[in-house]
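*Asks:* Before we start, here is the structure in question, set down as structure tokens.
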Amino acid sequence: MTDESPLLDMKFILGSMGTDILNAIAAGARTIISIRLASGCPEECVKGRLPVLIDLGLISKEFNEYLITERGIQFREIAALR
């Protein structure tokens, strides 16, 4: 098992919508509305996946804005290679 395995396992947990939401946040979307617009995901999906992304340590919530974490950046780099 490599150090990348736990991060790659998250790819299956998040699915394509979760990954799209993470990519939208990485691109600068910070609020639910901007994340919805940037990701193309329905608001209900965004609201449902944000707590999962937080629990996995891929994003953080500060006030009413969402920011990608270092772990989220690592995940995106590894996931892009696979």
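Rundown of residues vs (1) modelled with pLDDT of 95 or more; (2) of a type outside the set (Gly, Ala, Ser), yes/no style:
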site: ILE13; (1), (2): no, yes
site: ILE35; (1), (2): yes, yes
site: ARG49; (1), (2): yes, yes
site: TYR66; (1), (2): yes, yes
site: ALA79; (1), (2): no, no
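*Asks:* Read through the list (1) in a helix (DSSP H, G or I); (2) of a type outside the set (Lys, Arg); (3) under 20 Å from ALA80 (Cα atoms), then give the number of the only condition that GLU44 fails.
*Replies:* (3)
*Asks:* Give region 62-81 a look and list any residue that's surrounded by 12 or more Cβ atoms within 10 Å (Cβ to Cβ), closer than 17 Å to ARG36 by Cβ and more than 12 Å from the chain's Cα centre (by Cα), or say none.
*Replies:* Restricting attention to region 62-81, the residues satisfying the condition of being surrounded by 12 or more Cβ atoms within 10 Å (Cβ to Cβ) are 65-69, 71-76, 78-79.
Those still in the list that are closer than 17 Å to ARG36 by Cβ too: 65-68.
Across region 62-81, the qualifying residue is only GLU65.
*Asks:* Now for a separate question. Restricting to region 56-82, what's the tally of residues that are among the aromatic types (Phe, Trp, Tyr) and not in a helix (DSSP H, G or I)?
*Replies:* Looking only at region 56-82, we keep the residues that are among the aromatic types (Phe, Trp, Tyr), and these are 63, 66, 75.
Add one more test, that the residue is not in a helix (DSSP H, G or I), and what stays is 63, 66.
So the count comes out to 2.
*Asks:* Here's a follow-up. Where residues in region 1-30 are surrounded by fewer than 12 Cβ atoms within 10 Å (Cβ to Cβ) and among the hydroxyl-bearing types (Ser, Thr, Tyr), which of them is nearest to the chain's Cα centre (by Cα)?
*Replies:* Looking at residues that are surrounded by fewer than 12 Cβ atoms within 10 Å (Cβ to Cβ) and among the hydroxyl-bearing types (Ser, Thr, Tyr), I get SER16.
*Asks:* Now a separate question. I'm trying to understand the selection: among the residues of region 31-50, which are among the β-branched types (Val, Ile, Thr) and buried (at least 19 other Cβ atoms within 10 Å of the Cβ)?
*Replies:* ILE35, VAL46
*Asks:* Being in contact with a Gly (Cβ under 7 Å, 6 or more places away or on another chain) and not β-branched (Val, Ile, Thr) is the filter here, so list the residues in region 33-76 that pass it. Steps first, answer last, please.
*Replies:* From region 33-76, those in contact with a Gly (Cβ under 7 Å, 6 or more places away or on another chain) are 49, 52-53, 58-59, 69, 71; that's our starting set.
Answer for region 33-76, where residues must be in contact with a Gly (Cβ under 7 Å, 6 or more places away or on another chain) and not β-branched (Val, Ile, Thr): ARG49, LEU53, LEU58, ARG71.
The values are calculated or read from the model by the stated rules, or taken from the named source; none is laboratory data. Here the structure is a predicted model, which is why all the values come from computation and not from measurement. Using ideal geometry, Cβ is built from the backbone for each residue, glycine included, and neighbour counts are taken over all protein chains shown.
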